[in-house]
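Below is one structure, written out as structure tokens, with a few remarks after it.
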Amino acid sequence: MPHLVDHRSTSPYRADEVYAAMVDPEYLRARLAQIGGARPELLDHHADEQGAHYRLRHGLDAKDLPSLLRGVLPGDITVERDESWTRVDRGRYTGETKVSVAGTPASAAGGMRLNDTDGGGSELRVRIDVTVNVPVIGGRIESFVVGQVQSLLEMESRFLQEWLAKTR
């Protein structure tokens, strides 16, 4: 049964500025270098006035995983994220994300929303369902993965705000 990650972050910057940074290939490469784990790479990137699509890859060393996971995973793992954004209107964007973990029964998918707020800033909302198809211990693995996804989204939010503060 999937576990839900529901992440919300706010920014003092308007959604158009936040979006422009989030889909900038220079930003994506810098974010991967900062928090992307082993072998980070921007695999594909396209952005225009209507939206954006990009694919990211990074690895996790088996030695950094809890023993519960090392017992069911094939060693080092590779994570790919496929994200698409669509501009709905000025200050409003929607997105979809899919995450695959090569050679494992783990996956995640969900939606994203970025909107201006009344206070002059913006809000990013990410909702992802995490699924691990492993009998008996799948739920415990999903719980661990959910915690890791939440931590990753929080780190990415902090990095985005630091990036915006330096570049805007």
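Among the residues of region 82-101, what is the count of those that are open to solvent by less than 60 Å² (accessible area, probe 1.4 Å) and over 15 Å from the mean Cα position of the chain (by Cα)?
2
Would you confirm whether or not region 42-60 contains a residue that is in a loop (DSSP other than H, G, I, E, B) and open to solvent by less than 60 Å² (accessible area, probe 1.4 Å)?
no
Conditions tested, residue by residue: (1) at pLDDT below 80; (2) within 24 Å of Leu32 (Cα to Cα); (3) outside any strand (DSSP E or B).
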residue: Gly119; (1), (2), (3): no, no, yes
residue: Asp129; (1), (2), (3): no, yes, no
residue: Val149; (1), (2), (3): no, yes, yes
residue: Glu156; (1), (2), (3): no, yes, yes
residue: Gln161; (1), (2), (3): no, yes, yes
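Please enumerate the residues belonging to region 4-39 that are open to solvent by 60 Å² or more (accessible area, probe 1.4 Å) and either among the aliphatic types (A, V, I, L, M) or part of a strand (DSSP E or B) (or both).
Within region 4-39, Leu4, Asp6, Arg8, Thr10, Ala33, Arg39 meet the criteria.
The values are calculated or read from the model by the stated rules, or taken from the named source; none is laboratory data. Bear in mind the structure is a predicted one, so any value in this text is a computation, not a measurement. These area figures cover heavy atoms from the full protein model, side chains too; ligands, DNA and RNA do not enter into them. Shrake-Rupley method; radii C 1.70, N 1.55, O 1.52, S 1.80 Å.
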